[in-house]
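Enquirer: Before I ask anything, here is the structure I am working with.
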Amino acid sequence: MNQSINESNLNASQFEQLKELYVDTIVDSMSHEDLEEYVRTDYYNCVDKLTYNEVINDIKYTLDDEMLDEFITTIKEDSKD
């Protein structure tokens, strides 16, 4: 039975289930490396839209002040080369 999308008449709950099944199927078909690259790219794209202060605050909130200090120290040391 082949119905067009207009004939399927999914309600809101069923449409959510359709989206979940679709995403689960795509994710299940990805390798660990593919998933890692996808997450890295997606997260970078989100962070790239943040201001300087938002990035600093996000690092502090997600990790902590010490990790932020480590990042900054590493970057400053690497830039001396």
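Enquirer: Mind checking the angle between helix 65-78 and the chain's longest principal axis? C-alpha axes, 0 to 90 degrees, to the nearest 10.
Expert: Roughly 70 degrees between the two axes.
Enquirer: Moving on. Specify the angular offset, from 0 to 90 degrees and rounded to the nearest 10, of the alpha carbon long axis of helix 12-28 from the longest principal axis of the alpha carbons in the chain.
Expert: Taking Cα atoms only, the helix is inclined about 60 degrees.
Enquirer: How much area per residue is accessible in the chain when the probe is 1.4 Å and only protein heavy atoms are counted (Å²)? Mind dumping the intermediate values first?
Expert: On the way: 7650 Å² over 81 residues.
Value for the chain: 94 Å² per residue.
Enquirer: GNM on the chain, C-alpha springs below 10 Å: top fluctuator among Asn57, Asn45, Asn11?
Expert: Maximum among the listed residues: Asn11.
Enquirer: At 1.4 Å probe size, with the rest of the protein present, what percent of the exposed accessible area of the chain is carbon and sulfur atoms? Working shown, then result.
Expert: Working: 4110 of 7650 Å².
The computed percentage sits at 54.
Enquirer: Out of the trypsin sites (Lys or Arg not before Pro) in region 1-71, which ones are loop residues according to DSSP with at most 16 other C-beta atoms within 10 Å? Write down the numbers at each step before the final one.
Expert: Values: sites: Lys19, Arg40, Lys49, Lys60; in loops: Lys49.
Here the trypsin sites (Lys or Arg not before Pro) that fit, given the DSSP loop and packing criteria, are Lys49.
Enquirer: Using only Cα positions of the chain, each an equal point scatterer, no hydration layer, compute I(q)/I(0) via Debye at q = 0.15, 0.17 Å⁻¹ and quote the log10 values to two decimals.
Expert: Per q value, in the given order, log10 I(q)/I(0) is -0.82, -0.91.
Enquirer: So, R0 is 41 Å and r is the distance between the beta-carbons of Asp28 and Glu77; what FRET efficiency does that work out to, to 0.05? Show your work: numbers first, answer last.
Expert: Working: r = 42 Å, r/R0 = 1.02.
In this case the efficiency is close to 0.45.
The values are calculated or read from the model by the stated rules, or taken from the named source; none is laboratory data. Note that the structure is predicted; figures quoted are calculated from it, not measured. Glycine also receives a Cβ, built like all others from the backbone with ideal geometry; neighbour counts cover every protein chain displayed. Keep in mind that these areas ignore ligands, DNA and RNA; they rest on the heavy atoms of the full protein, side chains included. Shrake-Rupley method; radii C 1.70, N 1.55, O 1.52, S 1.80 Å.
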